């Protein structure tokens, strides 16, 4: 039994959904998102909540997945999703170039220009060491954050690089500490 699939999704005011064939279109104050709807999964409206139901038990894995994706879409069109990155290291920084481009200086011989996909916005703090990525699509926001982090992953010896704000790093001991 899918425990996640059984949970109802609260629909805040201003959020509507429509089923269009194999897709669900979720509309809210921040925008519109399309989510795939597998065959055999149906959606019901019960007093302000959306409930995903499955045809039979062979669809149990897709039941929880579909409910989670729909919940992420509803949260995205009402509140939005954000990820924060910290840039640690001497001379490491980021800056905005126009509205859709982030330029990173990460100790390489050249600056790295990172174009932002549509639907994703970024903001750099005045110290140029913190980047905030936001958007309505959770998958896109997470992928952009992961791509930015991969430009210079945190070094385990000096802890320099690009990392998530809430990420805990384990610092390794260098050669002098090994006996």
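The values are calculated or read from the model by the stated rules, or taken from the named source; none is laboratory data. Just so we're clear, the structure is a prediction, and the values are computed from it rather than from any experiment. Reconstructed Cβ throughout: ideal geometry from the backbone, glycine too, with neighbour counts over all protein chains shown.
Just one of the numbered conditions (1) exposed (fewer than 12 other Cβ atoms within 10 Å of the Cβ); (2) touching a residue at least 40 places away in the same chain (Cβ under 8 Å); (3) more than 27 Å from residue 119 (Cα to Cα) is not true of residue 60: (1). For the range 1-18, which positions are in contact with a strand residue (DSSP E or B) (Cβ under 9 Å, 6 or more places away or on another chain) and in a loop (DSSP other than H, G, I, E, B)? Correct list: 2, 7, 8, 11, 12, 14, 15.
What about residue 151, is it surrounded by fewer than 18 Cβ atoms within 10 Å (Cβ to Cβ) and either modelled with pLDDT under 90 or touching a helix residue (DSSP H, G or I) at 6+ places or on another chain (Cβ under 9 Å) (or both)?
no
Please enumerate the residues belonging to the range 66-107 that are on the phi > 0 side of the Ramachandran plot and in contact (Cβ under 8 Å) with a residue 60 or more places away in the chain. Talk me through it step by step, then tell me what you get.
Start the filter on the range 66-107 by keeping residues that are on the phi > 0 side of the Ramachandran plot, which leaves 80, 89, 91, 98, 107.
89, the sole residue that qualifies.
Within the range 98-123, the set of residues being more than 30 Å from residue 27 (Cα to Cα) and surrounded by 13 or more Cβ atoms within 10 Å (Cβ to Cβ) comprises 103, 104, 105, 106, 111, 112.
The residue that is surrounded by the fewest Cβ atoms within 10 Å (Cβ to Cβ), among those in the range 72-97 that are touching a helix residue (DSSP H, G or I) at 6+ places or on another chain (Cβ under 9 Å) and closer than 23 Å to residue 16 by Cα, is 82.
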